[in-house]
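What follows is a short report on a single structure.
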Amino acid sequence: MSSSRLIRVEQDILSKNASFAGVNRQLFTATGTLALNLMSSPGSGKTTLLVRTLTDLAGRWPLAVIEGDQQTDCDAARIRATGTPALQINTGKGCHLDAQMITQAVGQLAPPPGAVLFIENVGNLVCPAGFDLGEAGRVVVLSVTEGEDKPLKYPNMIGVADLLLINKVDLLPYLHFDVERLIANARRIRPDLPVLQVSATSGEGLPAWYDWIAARRADLRPA
């Protein structure tokens with residue numbers, strides 16, 4: 001395929017995605033739904049953090065989850081065990097969720113008005129950054145078991161983030177990991193990026209994470 005043809009195909013894909021993202025955004029705005037796109041590499045502890053979040057926030061707001069993985073429904077099963085409605089999307093060879101998948105999933109899941117909808121994207125720090133889902137916020141999760149240079153290796157992901165969660169901070173006493181260096185690297189990409197340090201195991205930092213969700217939800221104004 002020629003480079004010009006490849007560019008046209010990519011433009012067509014992104015244009016179609018943008019159209020569905022716009023539909024999703026209108027729906028979320030009209031129903032007062034806070035849609036949050038959670039992105040990370042595999043093994044960051046994203047699902048464990050989400051399970052803890054759903055457990056702690058149960059009864060505070062209506063909650064729902066869309067799970068993205070290439071195969072299996074293991075994560076969706078973990079989510080449903082908390083009592084939260086969840087729908088699994090298997091992308092097969094695909095490395096990310098796209099807006100049309102979310103449009104279809106929301107139609108099936110039917111979260112109630114005013115819900116917080118967590119979209120757990122496929123574990124990947126590259127492809128998900130390029131696809132708008134119509135979400136109100138993009139949350140990137142990095143863990144202290146990864147390298148401090150991750151933000152510099154994957155700048156596009158940091159560039160689209162509305163919040164960076166540094167996860168598994170309960171493990172810091174057992175690791176040679178420089179949190180401040182990670183934060184500095186992230187802010188080389190996004191100087192104004194909010195950063196929270198959290199642990200799904202110890203609960204450290206989770207109240208600040210929940211306050212961030214509450215503030216984003218309060219900003220929504222149903223049509």
Check: When the Cα atoms of the range 139-192 are enclosed in a convex hull and the volume is divided per residue, what value in Å³ results?
Finding: 65
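Which percent of the accessible heavy-atom area of the chain goes to carbon and sulfur, probe 1.4 angstrom? Mind showing how you got there, number by number?
Numbers: 5540 of 10340 Å².
Carbon and sulfur together cover 54 percent of it.
Give, in nm to one decimal, the length gained when the segment between THR145 and ASP178 is fully stretched (0.36 nm per residue of separation minus the Cα-Cα distance). Mind showing how you got there, number by number?
Values: separation 33, 0.36 × 33 = 11.88 nm, distance 1.08 nm.
Additional length available on full extension: 10.8 nm.
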Margin query: Please state the shape class of the range 22-124: rounded when a/c is under 1.5, otherwise prolate if a/b exceeds b/c and oblate if not, all from the C-alpha gyration tensor.
Written below: oblate
Next item on the list: Kindly provide log₁₀ I(q)/I(0) values, in the same order as q = 0.13 Å⁻¹, from the Debye equation applied to equal alpha-carbon scatterers of the range 72-188.
Entry: -0.62
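Over the range 102-176, what is the relative contact order in percent, taking alpha-carbon pairs closer than 8 angstrom and at least six residues apart?
Values: 56 pairs, mean separation 23.1, N = 75.
Over the range 102-176, the number comes to 31 percent.
Under a Cβ-only charge scheme (Lys and Arg +1, Asp and Glu -1), can you give me the dipole magnitude of the chain about the Cα centre, in debye to the nearest 20? Show your work: numbers first, answer last.
Numbers: 21 positive and 22 negative charges, 75 e Å.
Around 360 debye, computed over the chain.
Got a sec? What order do LYS153, LYS46, LYS93 fall in by accessible area at 1.4 Å, biggest, i.e. largest, first? Don't jump to the answer; show the numbers that get you there.
Working: LYS153 130, LYS46 15, LYS93 200 Å².
So the residues, ranked largest to smallest area, are LYS93, LYS153, LYS46.
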Checklist line | Separation of the ARG188 and ALA18 label points, Cα + 7 Å toward Cβ, nm | finding: 3.1
Next item on the list: Divide by every residue of the chain the summed helix terms, -39500 (n - 2.57) for each DSSP H run of at least 4, and state the resulting mean residue ellipticity at 222 nm, rounded to the nearest 500 deg cm²/dmol.
Entry: -13000 deg cm²/dmol
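Once R0 is set to 22 Å, what does the formula 1/(1 + (r/R0)^6) return for the Cβ-Cβ distance between CYS74 and SER202, expressed as a FRET efficiency to the nearest 0.05? Kindly include the intermediate steps, with their values, before the conclusion.
Working: r = 24 Å, r/R0 = 1.10.
The calculated FRET efficiency here is 0.35.
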Item checked: Leading residue at positive end of dipole, the chain (Cβ point charges), from MET39, PRO112, LEU163 -> PRO112
Note to self: Using a Förster radius of 30 Å, what is the FRET efficiency between GLN104 and ALA58 based on their Cβ-Cβ separation? Nearest 0.05, please.
What the structure shows: 0.70
Item checked: Stretchable slack from LEU171 to TYR210, in nm (0.36 nm times residue separation minus alpha-carbon distance) -> 11.9 nm
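The values are calculated or read from the model by the stated rules, or taken from the named source; none is laboratory data. Computed from a prediction, not measured in an experiment: that's the story for all the values here. No Cβ is skipped: glycine too gets one built from the backbone with ideal geometry, and neighbour counts run over all protein chains shown. Note: areas computed on protein heavy atoms with side chains; ligands, DNA, RNA excluded. Shrake-Rupley method; radii C 1.70, N 1.55, O 1.52, S 1.80 Å.
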